[in-house]
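This report concerns only the one structure given below.
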């Protein structure tokens, strides 16, 4: 099966050459799109050159949130559909219900011993204020009530059983 990227998308490959444990060379190559498009997208994301740290950080976070994708685990997902549902559920939980310590802000007035406001990526982007004015992280229960769950016979919703 071949996947096609949208014209507006760009893909870069990063190849790392090592000798033993030492990194000798990092070579980047445009795999899809133009060099101009790649440069524009990298600058939009705040990078000057292509790197893998952002993707590796996201994959590590996703792997840590889903017990079935952790290495050397006793938990497992038997069907592809279960893996898809767990993966789809991890994205909103990460963005809306989990605190990201690097996004914390100093409170104008401390609340007891709390000096910083706990924020999720959605709070930092201002998305929560658009949906419902809120000054707290959403719980998973609040999130379940807001998201149209994935339609699936494995995971029925509402009146489906």
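Structure notes:
- Residues of the range 46-76 that are surrounded by fewer than 11 Cβ atoms within 10 Å (Cβ to Cβ) and within 17 Å of residue 13 (Cβ to Cβ): 53, 55, 56.
- Of the residues in the range 49-61, at least one is over 19 Å from the mean Cα position of the chain (by Cα) and free of Cβ contacts under 8 Å to residues at least 60 places away in the same chain.
- Residue in the range 22-35 that is assigned by TED's automatic domain parsing to the domain that holds residue 137 and surrounded by fewer than 10 Cβ atoms within 10 Å (Cβ to Cβ) present: no
- Each residue in the range 77-91 was checked for being closer than 24 Å to residue 126 by Cα and buried (at least 17 other Cβ atoms within 10 Å of the Cβ), and 2 of them qualify.
The values are calculated or read from the model by the stated rules, or taken from the named source; none is laboratory data. In this text, all values refer to a predicted model and were calculated from it rather than measured experimentally. Don't worry about glycine lacking a Cβ; one is built from the backbone with ideal geometry, like all the others, and counts go over all protein chains shown.
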